[in-house]
Amino acid sequence: MELKMCGQPWFEMQIEYSEKVGCCCYYKFGKDSLNTPLDVDRYWNGNKIKEIRKTISSNNAEGTGCDGCQYIKYSSVSNFVSMPDNLNPIQSDNWSRALNNYHDKRITVDSYPVKYYMNFGLACNLKCIMCCQAESRKVDKRQLPVEPLLELKPFFIKANEIAIIGGEPLMIPDARKFIDAIIHDPDYSDVKLSIFTNGTLLHKYIEPFRNMKRIGICISLDSIGNAYEYIRQGAKWEDTENNIIEFKETGKQLGHSWDVNIAAIVMKSSIPLMDDFVEWCIAHDTPVHFVPLNEENFTGDEDVFRNPVLLNNIPAWEDILDSAINKLEKRGWTAGGANSLKLIKKELVSRLLNYKGEELFNSGDIEGSFTLFAKSVESDPAFVTAFNNMGVVCWQSGDRKGAIKHFLKALKNNPYNRDTVMNCGRILVNIDQHEDARKLYKSYLTLHPDDNEIRGLYTEIEEIECVT
């Protein structure tokens, strides 16, 4: 996987309520433990973040915490490569140093983060139908403590941006305390305050925000009208819409740089009104970026990626997405908008073709199934499941060479896909290529050491090799 020279470990530090410190919320492996008093120097040039810089500098994510990164997949190049022109001298000097470190691929840096991203906890005032935090927040009441953060002011004022997220941060006590401290302290007047929110409580902060020249609000919004209220249960569309409009109008009246952008999840209930939703975003000048419903964390009847048959219940879903894409392109919202939605549409087409292929395979139409699997990977060349299915068809048809070819294509896209590792390993053993099977299992076990079935297969091969 190409990393497109991601900028995260050179520009952004993330501090989490779960007592972890890192640089990216998509990173899969371990992060530093949060200790107090907080020491920015310790973390920023610590072993964890330096290791990520090494990975990105090598442009080889395989087997690392960056492997399969969703941000890289659905976004363009780093947001940090262009320095804003509204920075004060201290901020500008720090960002310039960060850019030099980034372009020179330095592992140890002489700059500080230009963005701090703080997750204050899981508490929320809504019950969204696709939320992966709903069960966790019933038992996990932790908050990121505000007092140690306030001690980091000398570092924060060198940054361009402080971003705050939850849960719903505008209802988390320590998040509110931190926001109040920033907006009433003139030393933060040049720092951009960004808040990731569902927007339902925004009206309570519009007046207090008046002291801040730069505010960015990222609203979690997936549709409009009744569809919005069905997805974001507990919210009223009219109220949220009014909050967004009032915030933008107030910022304009004050002459401040206040902006709103939208983060939208593509799922079953958001697709039918996607075209109207994009029209609303354009009409209200709120740039939107799209992400797929996360297959690993979400279940249920909203996940059209895991359950593509759900698309059959959405009339003309492809036409709806095409129309939305065209409008985004005309507006010039390409990177996270039109381009992401194009990629998502291709993935949905691919998964639906694969689903239909599996139906044909189960009914005994082997040749027909292979044709659909081939069309599936034509639509999405990174879709591991379809490559794996092509390998299975070849295997059952007696074409062992073809089976291995398709399994290897699947493994190239994801070396740790369990089904493919199992299938490819078995056929390698079947043709007496024990050493290749052993290496395949061993690589998989480095990331999944608790998989007893594959460990058993690995042990069997070692025993065979000992005997021979």
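The values are calculated or read from the model by the stated rules, or taken from the named source; none is laboratory data. None of these values were measured; they are calculated from a predicted model. Please note: Cβ atoms are built from the backbone with ideal geometry, for glycine as well, and neighbour counts cover all protein chains shown.
A residue that is without any contact (Cβ under 8 Å) to a residue 24 or more places away in the chain, over 27 Å from ALA61 (Cβ atoms) and not basic (Lys, Arg) occurs somewhere in segment 399-414. Residue count for segment 324-356 satisfying the condition of being outside any helix (DSSP H, G or I) and either within 20 Å of the chain's Cα centre (by Cα) or acidic (Asp, Glu) (or both): 1.
Scanning segment 175-199 for residues that are farther than 18 Å from ASN160 by Cβ and either aliphatic (A, V, I, L, M) or over 23 Å from the mean Cα position of the chain (by Cα) (or both) yields a count of 6. Looking only at residues in segment 284-330 that are surrounded by fewer than 16 Cβ atoms within 10 Å (Cβ to Cβ) and in contact with a strand residue (DSSP E or B) (Cβ under 9 Å, 6 or more places away or on another chain), the one that is modelled with the lowest pLDDT is ASN294. Among the residues of segment 216-269, those that are under 27 Å from the mean Cα position of the chain (by Cα) and on the phi > 0 side of the Ramachandran plot comprise GLY225, GLY234. Could we say that GLY216 is surrounded by 19 or more Cβ atoms within 10 Å (Cβ to Cβ) and either over 26 Å from PRO113 (Cα atoms) or without any contact (Cβ under 8 Å) to a residue 60 or more places away in the chain (or both) here? Here the answer is no, as GLY216 does not meet what is asked.
Taken over segment 51-73, the residue count meeting the criterion of being assigned to a loop (DSSP other than H, G, I, E, B), closer than 18 Å to THR446 by Cα and not aliphatic (A, V, I, L, M) is 8. List every residue pair whose Cβ atoms lie under 9 Å apart, where the two residues are 6 or more positions apart in sequence or sit on different chains, the first residue falls within segment 250-274 and is acidic (Asp, Glu), and the second residue, located anywhere, is exposed (fewer than 15 other Cβ atoms within 10 Å of the Cβ) and not in a strand (DSSP E or B). If the second residue must be exposed (fewer than 15 other Cβ atoms within 10 Å of the Cβ) and not in a strand (DSSP E or B), the pairs left are ASP259/ASP285.
So, in segment 80-105, exactly how many residues are buried (at least 17 other Cβ atoms within 10 Å of the Cβ) and assigned to a loop (DSSP other than H, G, I, E, B)? So the answer is 2.
State which residue is surrounded by the most Cβ atoms within 10 Å (Cβ to Cβ) when the search covers only segment 235-256 and only residues that are within 19 Å of ILE195 (Cβ to Cβ) and either of a type in the set (Asp, Glu) or modelled with pLDDT under 95 (or both). Per the criteria, the residue is GLU241. The condition (being closer than 18 Å to VAL21 by Cβ and either surrounded by 18 or more Cβ atoms within 10 Å (Cβ to Cβ) or in the same structural domain as PHE80 (by TED's automatic domain parsing) (or both)) is satisfied by just one residue among GLU135, GLU161: GLU161. Kindly indicate whether any position in segment 184-191 is surrounded by fewer than 17 Cβ atoms within 10 Å (Cβ to Cβ), within 27 Å of ILE90 (Cβ to Cβ), in the same structural domain as CYS128 (by TED's automatic domain parsing) and of a type in the set (A, V, I, L, M). Within segment 184-191 (the criterion being surrounded by fewer than 17 Cβ atoms within 10 Å (Cβ to Cβ), within 27 Å of ILE90 (Cβ to Cβ), in the same structural domain as CYS128 (by TED's automatic domain parsing) and of a type in the set (A, V, I, L, M)), the answer is no, since none of the residues qualifies. Once segment 357-399 is narrowed to residues that are of a type in the set (D, E, K, R) and over 28 Å from the mean Cα position of the chain (by Cα), the residue that is surrounded by the fewest Cβ atoms within 10 Å (Cβ to Cβ) is GLU367. Within segment 91-144, the set of residues being touching a strand residue (DSSP E or B) at 6+ places or on another chain (Cβ under 8 Å) and either among the polar types (S, T, N, Q) or without any contact (Cβ under 8 Å) to a residue 12 or more places away in the chain (or both) comprises ASN119, ALA134, GLN143.
Considering every residue within segment 436-443, establish whether at least one is out of contact with any strand residue (DSSP E or B) (no Cβ under 9 Å at 6 or more places or on another chain), of a type in the set (Gly, Ala, Ser), more than 29 Å from GLU318 (Cα to Cα) and outside the structural domain of ASP322 (by TED's automatic domain parsing). Yes, segment 436-443 contains at least one residue that is out of contact with any strand residue (DSSP E or B) (no Cβ under 9 Å at 6 or more places or on another chain), of a type in the set (Gly, Ala, Ser), more than 29 Å from GLU318 (Cα to Cα) and outside the structural domain of ASP322 (by TED's automatic domain parsing).
Scan segment 349-357 and tell me whether some residue there is of a type in the set (A, V, I, L, M), modelled with pLDDT of 95 or more and under 17 Å from ASP222 (Cα atoms). Within segment 349-357 (the criterion being of a type in the set (A, V, I, L, M), modelled with pLDDT of 95 or more and under 17 Å from ASP222 (Cα atoms)), the answer is no, since none of the residues qualifies.
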